[in-house]
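The structure appears right after this line, and notes come after that.
The values are calculated or read from the model by the stated rules, or taken from the named source; none is laboratory data. These figures come from a predicted structure and were not determined experimentally. Note that we place each Cβ from the backbone using ideal geometry, even for glycine, and neighbour counts take in every protein chain shown.
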Amino acid sequence: MQWLLEPLQFSFMVRALGAAVLVGVVCGVLGVYVVLRGMAFFGSALSHSVLPGIALGYLVSGASRGELFWWGLGTGVLTALGIGAISRGSQVKEDTAIGIVFAGMFALGIAMISTARSYAVDLTNFLFGNVLGVSQANLWLIAAFGGAVLLCIVLFYKEFLVLSFDAILAQTLRLPTRFLDNLMLVMIAVTIIVSLQTVGVALMVAMLVTPAASASLLTRRLPLMMALSALIGALSGVAGLYLSYHLSVASGAAIVLVCTGVFLFVFLFAPGRGRAWVWLRVFRRSSH
Amino acid sequence: MMEFKRMRRHHTHTLHEPDSAVLALSGVRVQYEAQVALEGISFQLEAGDRVAVVGPNGAGKSTLFKAIAGILTPTQGQINVYGHRPRKHVCIAYVPQRSQVDWTFPVNVADVVMMGRIGQLGMLRRPGKKDRNIVRACMETLHIEHLARRQIGALSGGQQQRMAIARALAQQAELMLMDEPLTGLDVNSQKDILEILGMLRGRGVTTIVALHDLDLAARHFDKVLLLNKRLLGFGKPDEVFTAKQLAAAYGAPAGEDG
């Protein structure tokens, strides 16, 4: 009990827990689409690509957290739509194009931050997150933009379902596929920016992919998959923060490690489909 | 809001022009970058026609389907469905090849059939009782109502094909494009699907079916369309499947299945 209550006396811990839960839920729900549509690489690339935008904001405005959010958001949305446009009119293969853009942007971001004096500390915060530094204002921004993403997912649920399952069907039903595709890219960009302070640029993709992948092993119904994924994301955030507090481990890394641990557990022991049961069956059969 | 929705629906589901062919292509050419996929394609279909499209791999069957469905715009020439551009209609259904569907996707049979209703619903609206009734009726027509709650990955090949056709019916399709619906099915399931094609004709649905089996095309379809980038023949099977035309499509020796 003491173990649970002790961290709560610090207001920065309470804010961090709030941020971790919000981020876990938003990433968990949107992550289901990222997993189903095979956009993990895109998500990873996009989160790395916002670094120069944040770096620019950091150099222009100093390390003011509130402003960095907007710099990140602008860069994220522009990069997402840019990558979308490149992959549509492509002469280069899509993943190659994404790879080129993402590594180039990431390098640019690091180069820019390296010109500042407190280089190492700030870069670490951008790369791996610093959820303990979340301010009250920041928490509101996370809630507002995270809520907007969730609202879009609810409003366009059936359209995204059709588009993800069968893009040709979406076109013959004359759904606005270009708009929906772009909206999905923007939602991923917003989610990344919202989560940036919790897990940072480099670990971002884990929040998008790992809880959703765990949920996909537990159920075969989309709404339930979203709910489970959100639950796993939020609980991993809370558990990760407690571990980080008590073991003095970096918070972003701790959260991601809990997500990974949950995935491994589900991968091995999911009812009926877990690898462990499959191996056990093979072992029993061969020992007869 | 209501006004907006009505306008939108009217826009996407254009009224059919009276006395116009179900499908009319004239001088259609489709080109990807420098590569010509289809050239000089002209033909017309009447309501209830059942046509098999045959040709070797890479003959442009999928391209033809996508152009008719309004997913690709021809580089040259015109396609009209009931007198209007395909893009104006929601009554054209594309039944994909089974190998192109993600069967691990987390939906069940009823979910997939309901997808056919989405075009008529309009944005921001949820399916209602009417849609659920249509979905149930379509599943009953295809004898898959007992599979409604089944995960799509747990279906047999024939059941997967039935589900896809039920979805096209839920879309209230009047023109169905089916990409290799018989491929990979056992003989009994093939017979089932052919019977379903007969049932669709009874409902006035026009079907265009891509096939690679010339024998099935000749025995079960009243019209065949022989394609290899150009239209090499269109009409009754015994008129189209001549040694000379088959050689032109597949290269000698004639009659080999490419």
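Annotations for the structure displayed:
- Comparison of A:243, A:257, A:268, A:280 shows that the only residue that is without any contact (Cβ under 8 Å) to a residue 24 or more places away in the chain and in contact with a Lys or Arg (Cβ under 8 Å, 6 or more places away or on another chain) is A:268.
- The range B:135-150, residues that are surrounded by 14 or more Cβ atoms within 10 Å (Cβ to Cβ), under 17 Å from residue B:108 (Cβ atoms) and under 24 Å from the mean Cα position of the chain (by Cα): B:135, B:136, B:138, B:139, B:142, B:144, B:145, B:147, B:148
- Filtered residues of the range A:200-230 (kept if more than 17 Å from residue A:149 (Cβ to Cβ) and away from chain B (no Cβ under 14 Å)): A:200, A:201, A:202, A:203, A:206, A:210
- Any hit, the range A:170-177, residues being at positive phi, within 11 Å of chain B (Cβ to nearest Cβ), modelled with pLDDT of 90 or more and over 15 Å from the mean Cα position of the chain (by Cα): yes
- Test: residue in the range A:155-162 that is within 11 Å of chain B (Cβ to nearest Cβ), surrounded by fewer than 19 Cβ atoms within 10 Å (Cβ to Cβ) and out of contact with any Asp or Glu (no Cβ under 7 Å at 6 or more places or on another chain): yes
For (1) more than 14 Å from every other protein chain (Cβ to nearest Cβ); (2) β-branched (Val, Ile, Thr), each residue gets a yes or a no:
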{"position": "A:28", "(1), (2)": "yes, no"}
{"position": "A:32", "(1), (2)": "no, yes"}
{"position": "A:45", "(1), (2)": "yes, no"}
{"position": "A:51", "(1), (2)": "yes, no"}
{"position": "A:54", "(1), (2)": "yes, yes"}
{"position": "A:59", "(1), (2)": "yes, no"}
{"position": "A:68", "(1), (2)": "yes, no"}
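- Among the residues of the range B:169-193, those that are more than 10 Å from every other protein chain (Cβ to nearest Cβ), part of a loop (DSSP other than H, G, I, E, B) and closer than 30 Å to residue B:20 by Cα comprise B:172, B:174, B:180, B:181.
- So residue A:219, is it under 16 Å from the mean Cα position of the chain (by Cα) and either free of Cβ contacts under 8 Å to residues at least 24 places away in the same chain or crowded, with 24+ Cβ neighbours inside 10 Å (or both): no
- Any hit, the range A:138-151, residues being at pLDDT 90 or above, within 27 Å of residue B:108 (Cα to Cα), over 18 Å from the mean Cα position of the chain (by Cα) and within 14 Å of chain B (Cβ to nearest Cβ): no
- Sole exception among (1) more than 12 Å from chain A (Cβ to nearest Cβ); (2) assigned to a loop (DSSP other than H, G, I, E, B) for residue B:158, by number: (2)
- Criterion: under 21 Å from residue A:142 (Cα atoms), touching an Asp or Glu at 6+ places or on another chain (Cβ under 8 Å) and small (Gly, Ala, Ser) - qualifying residue of A:61, A:87: A:61
- For residue A:38, the criteria (1) among the small types (Gly, Ala, Ser); (2) within 28 Å of residue A:232 (Cβ to Cβ); (3) buried (at least 22 other Cβ atoms within 10 Å of the Cβ) hold in every case but one, which is (3).
This table checks each residue for (1) in contact (Cβ under 8 Å) with a residue 24 or more places away in the chain; (2) in contact with a Ser or Thr (Cβ under 8 Å, 6 or more places away or on another chain); (3) not in a helix (DSSP H, G or I).
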{"position": "B:153", "(1), (2), (3)": "yes, yes, no"}
{"position": "B:163", "(1), (2), (3)": "yes, no, no"}
{"position": "B:167", "(1), (2), (3)": "yes, no, no"}
{"position": "B:197", "(1), (2), (3)": "yes, yes, no"}
{"position": "B:204", "(1), (2), (3)": "yes, no, yes"}
{"position": "B:210", "(1), (2), (3)": "yes, yes, yes"}
{"position": "B:219", "(1), (2), (3)": "no, no, no"}
{"position": "B:227", "(1), (2), (3)": "yes, no, yes"}
{"position": "B:239", "(1), (2), (3)": "no, no, no"}
